[in-house]
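Novice: This is the structure I want to talk about, given as structure tokens.
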């Protein structure tokens, strides 16, 4: 679950035509990003962080059903913007604005997992809006028109937006620095009042080398303490402590030998920060002993 980006070599002629069409659509919306809908017509959507865990959750009706029940309380969003641990690219990059095949960025899993599909509509209008929000803050915003959703996005979405009818757009993580990602999230905050769910996907603890596959595996203190610290700073809405995670988070290197599964929470916190009134944890606990399943909703 540590795969990063995948290239687009070897595209078929049909794929290339699709990319060309997407480019035309994107150019049109980029020329004049649409005005947001009047606030009176849309409810403010939450910011969410999902502990996506194993790709096998896409086939797990028990765990997936928990995500489905959580997301059902949001109603139907206008669109979903996903920031996943499995796409790190700078400058900020937007994924396909049309439906393209999923990325199966993992190996060694049962064949049925590679047969999962999720053909959500693309979101060219949202792409134009996100670009307009980010450019004044970060400068350049790129596009990866042939890049499909990675498993950090589609594994939770097959449950959280199950009928695949809501437009989905993915945005890359351009940094591993807390303050920069908080700032990125703050720039995206207006989307919440336009009916867009901002969905961050990772894990609050993530050391695959320490996952214990035995039934009823005991959670080690280093994982429990790290998860509890994050829970505390999120409940207190302590953005300064969260952004200073490198100095303050307990057992950081043990819990995150690499940081990509933690950093999406900073984007989520930034997107909520200017109107952050409540934090809730729809799901908690661990799988494999030390892999946190904690999910976070910021309102």
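Novice: For the stretch 37-149, what are the per-bin percents of Cα-Cα distances with bins 5 Å wide, up to the bin holding the maximum?
Specialist: Cα pair-distance distribution for the stretch 37-149, in percent: 2, 8, 16, 20, 21, 17, 10, 4, 1, 0.
Novice: Another question about this same structure. Sort the stretch 128-191 into rounded, prolate or oblate with this rule: let a ≥ b ≥ c be the square roots of the eigenvalues of the Cα gyration tensor; rounded if a/c is under 1.5, and if a/c is not under 1.5, prolate when a/b is larger than b/c, oblate otherwise.
Specialist: Values: a/c = 1.85, a/b = 1.71, b/c = 1.08.
Since a/c reaches 1.5 and a/b is larger than b/c, the shape of the stretch 128-191 is classed as prolate.
Novice: Okay, next question. I want to verify a result. In a Gaussian network model of the chain, Cα cutoff 10 Å, which of these has the top mean-square fluctuation: 125, 90, 78?
Specialist: 90
Novice: Among 207, 255, 216, which one moves the most in a GNM of the chain with springs linking Cα atoms closer than 10 Å?
Specialist: Checking each option, the largest mean-square fluctuation is seen for 216.
Novice: Further question on the same structure: In deg cm²/dmol and to the nearest 500, what is the mean residue ellipticity at 222 nm of the chain if only DSSP H runs of at least 4 residues count, each as -39500 (n - 2.57), divided by the residue total? Mind dumping the intermediate values first?
Specialist: Details: 10 runs with 104 residues, N = 299.
Helices in the chain give a 222 nm mean residue ellipticity of -10500 deg cm²/dmol.
Novice: Another question, if that's okay. Mind jotting down the distance between the C-alpha centroids of the stretch 108-150 and the stretch 166-187, whole Å?
Specialist: About 12 Å separates the Cα centre of the stretch 166-187 from the one of the stretch 108-150.
Novice: Let me ask another. In what order do 103, 80 fall by count of nearby beta-carbon atoms within 10 Å, going from fewest to most?
Specialist: On the way: 103 21, 80 25.
If I rank by nearby Cβ atoms, fewest first, I get 103, 80.
Novice: Round to the nearest 10 and give me the degree value, 0 to 90, for the angle of helix 178-188's Cα axis relative to the longest principal axis of the chain.
Specialist: The angle comes out at about 40 degrees.
Novice: For the chain, set up a Gaussian network in which alpha carbons nearer than 10 Å are linked by springs, and say which option among 184, 157, 239 fluctuates the most.
Specialist: Answer for the Gaussian network model of the chain: 239.
Novice: Further question on the same structure: Starting with the fewest neighbours, write out 267, 100 ranked by other beta-carbon atoms found within 10 Å of each beta-carbon.
Specialist: Numbers: 267 29, 100 22.
Fewest-to-most Cβ neighbours within 10 Å comes out as 100, 267.
Where a number appears in this text, it was derived from the coordinates with a stated rule and is not lab data. Here the structure is a predicted model, which is why all the values come from computation and not from measurement. Virtual Cβ from ideal backbone geometry, glycine too; neighbours counted across all protein chains shown.
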